[in-house]
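Okay, so here's the structure we're looking at.
The values are calculated or read from the model by the stated rules, or taken from the named source; none is laboratory data. This one's a predicted model, so the numbers in the text were calculated from it and none came from an experiment. Positions of Cβ are backbone-derived with ideal geometry, glycine not excepted, and every protein chain shown enters the neighbour counts.
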Amino acid sequence: MSIIERISTGVPGLDDMIGGGLPAPSLILVSGDAGAGKTSFCTQFLFKGASTGERGLYFLTFGWHPEWIFEFASSYEFAKREYLGRRIRVVELQSRIERAIRMDDVLEAIREAVCCEIDGAQPKRIVLENVSLLKDVLRGDFRRFLLNLSSLVKEQRIVALVTGEAIPGAPYPADIAHVADGIILLQNAEVNLVRKRSIEVLKMCGTSHPLGRYSLDISARGLTVYPGL
Ligand SMILES: Nc1ncnc2c1ncn2[C@@H]1O[C@H](COP(=O)(O)OP(=O)(O)OP(=O)(O)O)[C@@H](O)[C@H]1O
Ligand SMILES: [Mg+2]
């Protein structure tokens, strides 16, 4: 019998495909092109945790304001207002990144937040979006940052979602993919003049999972996977 702890993604249909949920601890790359559903996936994941009493952190990197992420989530039925600012907190990382001289400064800011209790409990779920943008700041230290982030995740036994942009010819950022314990690809591809959403689990440590693309829907309920399709 598997002794791997698993936590629900909150996405109907997906947990069953990956042995009951995301392995904990793990660093999971959620990649996809613009509008594929990365932010929706991440917020659904945080709200699922909050609905079962877990604490979650959303690290703001570039280009977002704390209120925007809450406004964004509010269009979904799963986004219960009472969790915002309580079980789910936004951590502003942007100014720390701008002031960062060394890779350790960014990592220390993440560590401080992860190790700090929220309402009497440590965060179990964290989200870091647009991690690739840190490359410009950390340059040669980017890979070491990813490896240290992965160690922090294991040490604190949390699940971290990091998002990455797909670029033409590369469905995911290779440098993050090598460090990640799991890769989930989201797509919004054109098929016969119609856009079709899909999800693919490319890798998931300690998990037997189907390969290939499965039908994905995004509605007011958030993401739903149709494993048979
Ligand atoms: N409340 C909603 N109901 C139905 N569909 C929605 C809702 N909110 C967003 N969507 C759809 O989900 C899509 C994905 O949005 P999302 O912001 O999660 O993508 P993303 O991958 O994070 O994009 P980006 O790369 O620009 O950050 C939107 O373009 C929209 O079509
Ligand atoms: Mg987004």
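So here's what we get for this one:
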| read-out | value |
| --- | --- |
| So residue 40, is it small (Gly, Ala, Ser), within 19 Å of the chain's Cα centre (by Cα) and surrounded by fewer than 19 Cβ atoms within 10 Å (Cβ to Cβ) | no |
| Subset of the range 96-140 that is among the β-branched types (Val, Ile, Thr), in contact (Cβ under 8 Å) with a residue 40 or more places away in the chain and out of contact with any Lys or Arg (no Cβ under 7 Å at 6 or more places or on another chain) - its residue that is farthest from ligand 2 (Cβ to nearest atom) | 114 |
| Within the range 116-223, helices (runs of 4 or more DSSP H) holding 3 or more residues that are among the polar types (S, T, N, Q) | 142-156 |
| Residue in the range 209-229 that is surrounded by the most Cβ atoms within 10 Å (Cβ to Cβ), counting only those that are out of contact with any strand residue (DSSP E or B) (no Cβ under 7 Å at 6 or more places or on another chain) and at pLDDT 95 or above | 222 |
| The range 7-37 - residue that is polar (S, T, N, Q), closer than 14 Å to residue 126 by Cα and surrounded by 23 or more Cβ atoms within 10 Å (Cβ to Cβ) and, of those, nearest to ligand 1 (Cβ to nearest atom) | 9 |
| Among the candidates 74, 40, 8, residue that is in contact with a strand residue (DSSP E or B) (Cβ under 9 Å, 6 or more places away or on another chain), farther than 17 Å from residue 161 by Cβ and among the polar types (S, T, N, Q) | 74 |
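Residue-wise test of (1) closer than 20 Å to residue 27 by Cα; (2) buried (at least 20 other Cβ atoms within 10 Å of the Cβ); (3) modelled with pLDDT of 85 or more.
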{"site": "78", "(1), (2), (3)": "no, no, yes"}
{"site": "96", "(1), (2), (3)": "no, no, no"}
{"site": "106", "(1), (2), (3)": "yes, yes, yes"}
{"site": "128", "(1), (2), (3)": "yes, yes, yes"}
{"site": "137", "(1), (2), (3)": "no, no, no"}
{"site": "143", "(1), (2), (3)": "yes, no, yes"}
{"site": "147", "(1), (2), (3)": "yes, no, yes"}
{"site": "161", "(1), (2), (3)": "yes, yes, yes"}
{"site": "173", "(1), (2), (3)": "yes, yes, yes"}
